[in-house]
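Asks: Below is the structure I would like to discuss, written out as structure tokens.
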Amino acid sequence: MGWTPPEVTYKGYRTSEGWEIAVKRSGQPLRLLDPPPRKADWALPALTDYLGDETRAANLHRDFAALAGPRFTGDWELTARDIENILTELEILRSRWRIALTRG
């Protein structure tokens, strides 16, 4: 069988200061993540927590937000499976872009 993502859910709540993001992992209490440095960077704390890699999260968060953000009409929720699907979609798009650039 294939890899199964961890049981984790991220929830975003819009506040007057931007986004408040909470994470719920199986068997653990709900906890708030550090707020993003800018309102538009809502995906950064969630990806940093999910990936456990600040550099990779910083590289992906803007494109991730561009793909995921339009799906939200207000407060939002992302499961590990949702995140994996968006990351896969992002890698496919980046690969297609690299191919297009090499072909000129």
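Asks: Of all the strands (runs of 3 or more DSSP E) wholly in the range 2-80, which have at least 2 residues that are touching a helix residue (DSSP H, G or I) at 6+ places or on another chain (Cβ under 7 Å)?
Replies: Result: 8-15, 18-25.
Asks: Then there is this: Output the number of the condition that Pro37 fails; it satisfies all remaining conditions of (1) surrounded by fewer than 17 Cβ atoms within 10 Å (Cβ to Cβ); (2) over 24 Å from Ile92 (Cβ atoms); (3) touching a residue at least 40 places away in the same chain (Cβ under 8 Å).
Replies: Going through the list (1) surrounded by fewer than 17 Cβ atoms within 10 Å (Cβ to Cβ); (2) over 24 Å from Ile92 (Cβ atoms); (3) touching a residue at least 40 places away in the same chain (Cβ under 8 Å), Pro37 breaks only (3).
Asks: Follow-up. Out of the residues in the range 45-104 meeting the condition of being aromatic (Phe, Trp, Tyr) and within 27 Å of Arg31 (Cβ to Cβ), tell me which one is nearest to the chain's Cα centre (by Cα).
Replies: In this case the residue turns out to be Phe64.
Asks: Give the residue that is surrounded by the most Cβ atoms within 10 Å (Cβ to Cβ), with candidates limited to residues of the range 55-104 that are closer than 20 Å to Trp42 by Cβ and modelled with pLDDT under 85.
Replies: Of everything passing the filter in the range 55-104, Phe72 is surrounded by the most Cβ atoms within 10 Å (Cβ to Cβ).
The values are calculated or read from the model by the stated rules, or taken from the named source; none is laboratory data. Computed from a predicted model, the values in this text were never measured in an experiment. Methodologically, a virtual Cβ is constructed for each residue, glycine included, from the backbone with ideal geometry; neighbour enumeration extends over all protein chains shown.
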